[in-house]
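**Student:** My structure is below; once you've seen it, I'll send some questions.
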Amino acid sequence: MAYVVRHLPEYPNERVLVGPKTFADAGIYKVNDEMALVETLDFFTPVVNSPYDYGQIAAANALSDVYAMGGKPLTAMNILCFPLKSLDKDILVEILKGGADKVNEAGATVVGGHTLQDNEIKYGLSVTGIIHPDKIVTNAGARPGDVLVLTKPLGTGLIISAIKNNKVFEGDEQIVTRSMCQLNKIASETMLEVGVSSCTDITGFGLMGHAYEMAEASKVTLSFFAGRIPIFEGCERYVRMGLIPGVSKLSKKYLKDAIAIDSKVREELVDVLFDAQTSGGLLISIPEGKAEMLCTTLRERGVMSASIVGEVYEGRDVSIVVTP
């Protein structure tokens, strides 16, 4: 996609504060000195067996881009592809109900949408949020001396792959579903209260892919402590079973020259670090003196995981360093 975006025509607009060329989580359009719109869109095929949970997860994933920028979601529009002639319409109802409930939990409103006949189910949202133009959080603000905080465990891609291949172990689908359904609302609101340098949400490109984008945008090097990064129990087992998603393999191949990984880090753990996430957590770059306050407050407010997982340095030969 980077190749495609580079070759698209540009139509400069002074009101576009964040556009497609920066690889940010969402686009931002300034309405006036007090308000800007946050615009994003995301949809994908089913990731769990429950239609209702799938709807919740797809909605949480789409809303996450607004939260990563520090915005507040206002409205959402459904995007749905569905085999209307071959599948029970009650499945469609459950998907849309799950999405609507999650949007309502976010304090936003579903105002419409569009449905297409398709051979494969795909669902997600186009989301509009608001933000003050002077309070935008982007993936380009990480500063040397900051530390890195991650708010959800890794491994959703591996567990989803296990679900699709009927090889998931008991309890894993329930655990990962609970994580993917959790909004990044509390994490976003808390980081704004504490004050952070930069943020991105961890989705399809995995931790390493989105960290690479933050490092490049911020012109720094991110260093991760592999042993401190929270992962779902059993994920390395799924790696050994060969259940690595194809997009995770592509990210690992694409970034091989941009990342230096210590040989002491287990190969199975390396694959988890590249695992493509669905509705993952926020990766936050924050001044070191504020990090413990952020993590403590997040845990008190019910965020599943709030861990210091790395540090930010001046730019080096590589964008990312991973140590044991």
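**Student:** What pairs come out if I take residues in the stretch 85-101 that are in contact (Cβ under 8 Å) with a residue 60 or more places away in the chain and pair them with residues that are charged (D, E, K, R) and open to solvent by 80 Å² or more (accessible area, probe 1.4 Å) whose C-beta lies under 7 Å away, six or more apart or interchain?
**Tutor:** none
**Student:** From (1) farther than 30 Å from Glu288 by Cβ; (2) touching a residue at least 40 places away in the same chain (Cβ under 8 Å), pick out the condition that doesn't hold for Val147.
**Tutor:** Condition not satisfied by Val147: (1).
**Student:** Looking only at the stretch 141-180, which residues are open to solvent by 30 Å² or more (accessible area, probe 1.4 Å) and among the hydrophobic types (A, V, I, L, M, F, W, C)?
**Tutor:** Of all residues in the stretch 141-180, those open to solvent by 30 Å² or more (accessible area, probe 1.4 Å) come to 143-145, 164-170, 173-175, 178.
Selection gives Val168, Phe169, Ile175.
**Student:** Another one. Please go through the stretch 159-173 and give me each residue that is in a loop (DSSP other than H, G, I, E, B) and touching a helix residue (DSSP H, G or I) at 6+ places or on another chain (Cβ under 7 Å), ordered by number.
**Tutor:** Scanning the stretch 159-173 gives a single hit, Val168.
**Student:** Condition check: closer than 30 Å to Leu150 by Cα and open to solvent by 80 Å² or more (accessible area, probe 1.4 Å). Does Met77 satisfy that?
**Tutor:** So Met77 fits the description; yes.
**Student:** Residues of the stretch 58-74 being charged (D, E, K, R) and surrounded by fewer than 21 Cβ atoms within 10 Å (Cβ to Cβ), which ones?
**Tutor:** Result: Lys72, single match.
**Student:** Out of the residues in the stretch 86-132 meeting the condition of being in a loop (DSSP other than H, G, I, E, B) and of a type outside the set (Gly, Ala, Ser), tell me which one is most open to solvent (accessible area, probe 1.4 Å).
**Tutor:** So the first thing to find is which residues in the stretch 86-132 are in a loop (DSSP other than H, G, I, E, B), and the list is 86-88, 106-108, 118-121, 132.
Narrowing the set further to residues that are of a type outside the set (Gly, Ala, Ser) leaves 87-88, 118-121, 132.
Values: Leu87: 62, Asp88: 87, Asp118: 45, Asn119: 144, Glu120: 94, Ile121: 25, His132: 51 Å².
Restricting to residues being in a loop (DSSP other than H, G, I, E, B) and of a type outside the set (Gly, Ala, Ser), the top hit is Asn119.
**Student:** For the stretch 121-156, which positions are under 22 Å from Val16 (Cβ atoms), among the β-branched types (Val, Ile, Thr) and touching a Ser or Thr at 6+ places or on another chain (Cβ under 9 Å)?
**Tutor:** Residues satisfying the conditions are Val127, Thr128, Val137, Thr138.
**Student:** Please enumerate the residues belonging to the stretch 176-213 that are basic (Lys, Arg) and in contact with a helix residue (DSSP H, G or I) (Cβ under 7 Å, 6 or more places away or on another chain). Break it down into steps so the answer makes sense when it comes.
**Tutor:** Narrowing the stretch 176-213 to residues basic (Lys, Arg): 178, 185.
The answer is Lys185, and nothing else.
**Student:** Between a first residue in the stretch 242-253 that is free of Cβ contacts under 8 Å to residues at least 60 places away in the same chain and a second residue that is open to solvent by 40 Å² or more (accessible area, probe 1.4 Å), which pairs have beta carbons less than 6 Å apart while being 6 or more apart in sequence or on different chains?
**Tutor:** Note: pairs meeting the criteria are Ser251/Phe205.
**Student:** Please give the number of the condition Leu116 fails out of (1) in contact with a Leu (Cβ under 9 Å, 6 or more places away or on another chain); (2) within 30 Å of Met35 (Cβ to Cβ).
**Tutor:** (2)
The values are calculated or read from the model by the stated rules, or taken from the named source; none is laboratory data. It should be emphasised that the depicted structure is a prediction, and the values quoted were computed from it without experimental measurement. Neighbour counts run over all protein chains shown; Cβ positions are idealised from the backbone, glycine included. All accessible areas refer to the heavy atoms of the entire protein, side chains included, with ligands and DNA or RNA removed. Shrake-Rupley method; radii C 1.70, N 1.55, O 1.52, S 1.80 Å.
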